[in-house]
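Below you'll find the structure, written out as structure tokens, and then a few comments.
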Amino acid sequence: QEKKIVIFATTKYWGGRNNWFGELLEGKISRNLLNVAASRAQEKFIIIGSKELFREVELYRGLYEYIEEVGYVVSAPFQGYDTESQCEDCGKVIREGETLYMDRYCWDCHILRRLRNFLEERPRTTWRAADGDLLRSSDEVRIDDWFHRNGIEHEVERRVPVDRLRYCDWYLPRGDIYVEYWGLTDEEWYRKAKEVKKRLYSDA
């Protein structure tokens, strides 16, 4: 068996819990195939790329020929090469034993992204309060109307000066108060998102 094997990756390596190479090598079967290819390789390249790359036969052939012509094998690892996994959003280093969700995000950023996606599916286009504010639900309309009836100045979805948080539900200038309204959904991920946001507010 040939021990000198050149692996050329066109996808970013995510050193997460499963050590995936981007989209192509998803799942245990794909990674096993890579192991088999490496163990049986004899003077050939193993090219790891995206699914789009392998759909384009001419592009794939051109890439192979280019690597064959100008590529080289380094005799030792590059100095200073960072093999630590980091969250794409906040930069947190993922320690051994921790999980990198979707091979890209720490737990907090993963759950906050899910919350943002949840809100984006409920745009502020349907529900309108008495003062003209557009909201995401009938419950939010009732809260906004209560502020209006009681003469409480308020601003909908103001940017929050807290790292990793984007907007609160309301901002009350008098008192510099940020208001978060949590709906009635009982989904577990939603409850966890609430705990993450509470902790980020407390730590700010």
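The values are calculated or read from the model by the stated rules, or taken from the named source; none is laboratory data. Keep in mind the model is a prediction, meaning the values are calculated, not measured. Positions of Cβ are generated from backbone atoms using ideal geometry, with glycine treated the same way; all protein chains shown enter the neighbour counts.
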Some residue of segment 104-111 being under 19 Å from Lys198 (Cα atoms), within 20 Å of the chain's Cα centre (by Cα) and either aliphatic (A, V, I, L, M) or at pLDDT below 80 (or both): yes
Qualifying position, being over 20 Å from Arg122 (Cβ atoms) and assigned by TED's automatic domain parsing to the domain that holds Thr126, among Asp186, Asp163, Asp144: Asp163
Cβ-Cβ under 7 Å pairs, at least 6 apart or on other chains, segment 171-190 side among the charged types (D, E, K, R), far side at pLDDT 90 or above and surrounded by fewer than 13 Cβ atoms within 10 Å (Cβ to Cβ): Arg174/Glu153
Test result for Glu140, touching a strand residue (DSSP E or B) at 6+ places or on another chain (Cβ under 9 Å), part of a helix (DSSP H, G or I), at pLDDT 85 or above and at negative phi: yes
Test: Leu112 is buried (at least 17 other Cβ atoms within 10 Å of the Cβ) and within 27 Å of Tyr101 (Cα to Cα): yes
Search result, residues across segment 121-137 that are more than 15 Å from Trp170 (Cα to Cα) and either out of contact with any helix residue (DSSP H, G or I) (no Cβ under 7 Å at 6 or more places or on another chain) or outside the structural domain of Glu153 (by TED's automatic domain parsing) (or both): Glu121, Arg122, Pro123, Thr125, Thr126
Subset of segment 143-200 (residues that are among the hydroxyl-bearing types (Ser, Thr, Tyr) and outside any loop (DSSP other than H, G, I, E, B)): Tyr167, Tyr171, Tyr178, Tyr190
